[in-house]
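Everything on this sheet refers to the single structure shown next.
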Amino acid sequence: MDLAEIFRVMRRRWYVLLPGLLLTAGLIAAVIVLVPVTYQSQSTVVLLNSQKATQAYDGNPFLSTQTSLTGMADSLARNLNSDDSLRDLKARGAKGTFAAKLADNAQGPLMWLTVTGTDKASVLSSDKTLTAYAKERLDQFQKEQSVAPKAMIRMTTIVPPQNPVAQTKTRLEYMIMAGGLGLVLTLAAAFYVEARKRSAHTPEPAAGPAGPAEEAEAEPAEAAGPVRSAGESVVEETLALRQPPRWSQSSGAGAAAAEPDAPRHAMAVASAAEPLDEESTHGHRPRTGQRDR
């Protein structure tokens, strides 16, 4: 089936195609209503070395970096993703989904703090709350370990919480899935109706005239009669030729006189039906009881 045939089927079965397209539009509209637009805000923070560790660099923390800071950043991210931290954030009025992790392809202790939600204003404020809460958790860890204030690791914000950006990828995927499913079902229904209509209007092949072989098979075996050999057929034909015509036979005596001659005729026919002797096969005439004169 080529493209032109597909369009012809769609044009003929418009009464099936139109409701299917309306149903597909309804599915897409349902996705738009049921799947809201999500917004995302993200901030970037970095861990800095302590004041005591930066004395050799005139107090510049960006010149003093240690691998231990990356490990501390990973530990802090795991703590921020815990259930206890989520409960604390909810208690502070933060809403949405929270995520803290090490920044991709980072060459230092950089962290991404992300908040996702459906309310744009709430997402921005929640990201600010998460950024402040991360600094508090870092200080709390070190105070629990009785770290001196000048030896504490510090945190600073590199990128403040950004304005929330609409995340339309998931919603668009659902819309494409709904539209594709509705379109496939519509086309399948249209071609199904087309196939049913064609099968209903296709006439059954008429039975043609029976051939010789079929007629011979259809005849009953009794009608064929007994099978006769070639010799018997020749004898019967010869007898039929030797018999005198009926108009020359009398009703009484003629029929009686013809009866004794019948055996002689049968013997003559039988002798004629016998195969020729060896002399006749070489071109000589068969011997008879009387010479030709």
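The values are calculated or read from the model by the stated rules, or taken from the named source; none is laboratory data. These numbers were taken from a predicted model, which means no experiment stands behind them. So basically every Cβ, Gly included, is an ideal-geometry build from the backbone, and we count neighbours across all protein chains shown.
Taking the stretch 7-50, which residues are farther than 30 Å from T168 by Cβ and assigned by TED's automatic domain parsing to the domain that holds L124? Reasoning before the result, please.
First, the residues of the stretch 7-50 that are farther than 30 Å from T168 by Cβ: 7-16, 46-50.
If the condition is that a residue be farther than 30 Å from T168 by Cβ and assigned by TED's automatic domain parsing to the domain that holds L124, then V46, L47, L48, N49, S50 are the ones that fit.
Name the residues in the stretch 82-135 that are acidic (D, E), touching a residue at least 40 places away in the same chain (Cβ under 8 Å) and in a helix (DSSP H, G or I), would you? Outline the logic, then answer.
Looking only at the stretch 82-135, we keep the residues that are acidic (D, E), and these are 83-84, 88, 104, 119, 127.
Then drop every residue that is not touching a residue at least 40 places away in the same chain (Cβ under 8 Å), which leaves 88, 119, 127.
Answer for the stretch 82-135, where residues must be acidic (D, E), touching a residue at least 40 places away in the same chain (Cβ under 8 Å) and in a helix (DSSP H, G or I): D88, D127.
So for the stretch 152-160 (the condition being of a type in the set (D, E, K, R) and closer than 30 Å to K52 by Cβ), does at least one residue qualify?
Yes; the residues of the stretch 152-160 include at least one that is of a type in the set (D, E, K, R) and closer than 30 Å to K52 by Cβ.
Of the conditions (1) among the hydrophobic types (A, V, I, L, M, F, W, C); (2) exposed (fewer than 13 other Cβ atoms within 10 Å of the Cβ); (3) touching a strand residue (DSSP E or B) at 6+ places or on another chain (Cβ under 9 Å), A188 satisfies every one except a single condition; which number is it?
With respect to (1) among the hydrophobic types (A, V, I, L, M, F, W, C); (2) exposed (fewer than 13 other Cβ atoms within 10 Å of the Cβ); (3) touching a strand residue (DSSP E or B) at 6+ places or on another chain (Cβ under 9 Å), A188 is out only on (3).
More than 43 Å from the chain's Cα centre (by Cα) and at positive phi: does that describe G59?
Yes, satisfied.
Just one of S146, S82, S125 is over 20 Å from N49 (Cα atoms) and over 45 Å from the mean Cα position of the chain (by Cα); which is it? First the steps, then the outcome.
Values: S146 fails: over 20 Å from N49 (Cα atoms); S82 fails: over 45 Å from the mean Cα position of the chain (by Cα).
Within the list S146, S82, S125, the selection yields S125.
If you scan the stretch 152-175, which residues turn out to be without any contact (Cβ under 8 Å) to a residue 24 or more places away in the chain and surrounded by 12 or more Cβ atoms within 10 Å (Cβ to Cβ)?
The answer is L172, E173.
To keep it simple, each residue is scored yes or no on (1) of a type in the set (S, T, Y); (2) assigned to a helix (DSSP H, G or I); (3) modelled with pLDDT under 90.
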position	(1), (2), (3)
A25	no, yes, no
A29	no, yes, no
V33	no, yes, yes
Q42	no, no, no
S50	yes, no, yes
A56	no, yes, yes
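Please count how many residues of the stretch 176-201 are free of Cβ contacts under 8 Å to residues at least 24 places away in the same chain, within 30 Å of V115 (Cα to Cα) and small (G, A, S).
Residues meeting the conditions: 0.
Please work out if V9 is loosely packed, with under 12 Cβ neighbours inside 10 Å, in a helix (DSSP H, G or I) and not polar (S, T, N, Q).
Spelling it out, it is not the case that V9 is loosely packed, with under 12 Cβ neighbours inside 10 Å, in a helix (DSSP H, G or I) and not polar (S, T, N, Q).
Can you tell me how many residues in the stretch 51-72 are hydrophobic (A, V, I, L, M, F, W, C) and either outside the structural domain of A106 (by TED's automatic domain parsing) or loosely packed, with under 12 Cβ neighbours inside 10 Å (or both)?
Counting residues in the stretch 51-72 that are hydrophobic (A, V, I, L, M, F, W, C) and either outside the structural domain of A106 (by TED's automatic domain parsing) or loosely packed, with under 12 Cβ neighbours inside 10 Å (or both) gives 2.
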